[in-house]
1. Hey, got the dipole for the chain? About the Cα centre, +1 on K and R Cβ, -1 on D and E Cβ, debye to the nearest 20?
2. Viscosity 1.567 mPa s, temperature 4 °C: give me the Stokes-Einstein translational D for the chain in µm²/s, with Rh taken as the Kirkwood radius over C-alpha pairs.
3. Using the alpha-carbon atoms, what tilt in degrees (0 to 90, nearest 10) does helix 83-97 show relative to the longest principal axis of the chain?
4. Does anyone have the angle between helix 51-65 and the longest principal axis of the chain? Alpha-carbon axes, 0 to 90°, nearest 10?
5. So what is the 222 nm mean residue ellipticity for the chain from helices alone, if each DSSP H run of at least 4 adds -39500 (n - 2.57) and you divide by all residues, rounding to the nearest 500 deg cm²/dmol?
6. For the chain, what does the relative contact order come out to in percent, with C-alpha contacts under 8 Å and a separation of six or more?
Amino acid sequence: MYEVSVKDHFSAAHQLIEVGGGCERLHGHNFNVEVFVRSDTLTEEGTVIDFRVLKKALKEVLDILDHSFLNDLDAFRDIGPSSERLAAFIYRELSARLSDGDLPKPFRVDVWESENSRASYME
């Protein structure tokens, strides 16, 4: 099994719903995101996926989130935009962008809201 990953980041504000404490107040994070892709086989070029393709797809997804108030986005309008839900959103958006051809889907998406706090999503 082969595994590759790419990292990127975005900045956004949010308010968490019904969690209590300061997280219910408007606040922001500089989120870090890491996407992992796995494959049993390599392409003819000897890669799991072209890093450029994966980085471009991730940037397209993060551009939706960057410098926004996450609660105002359609995906989070009725639910709290927790790091867990952000990871799932990024996973699904990336999967849709990588669905053409024989590109592997993400295996896992990690979202770090701070140096010490991470949420992951995988299917």
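Every read-out reported here was derived from the displayed coordinates using simple, explicitly stated rules and does not represent laboratory data. Computed from a prediction, not measured in an experiment: that's the story for all the values here. So basically every Cβ, Gly included, is an ideal-geometry build from the backbone, and we count neighbours across all protein chains shown.
1. Working: 14 positive and 23 negative charges, 27 e Å.
Here the size comes out at about 140 debye.
2. 86
3. 40
4. Tilt of helix 51-65: around 20 degrees.
5. Numbers: 2 runs with 30 residues, N = 123.
For the chain, the value works out to -8000 deg cm²/dmol.
6. Numbers: 217 pairs, mean separation 37.1, N = 123.
Computed over the chain, the figure is 30 percent.
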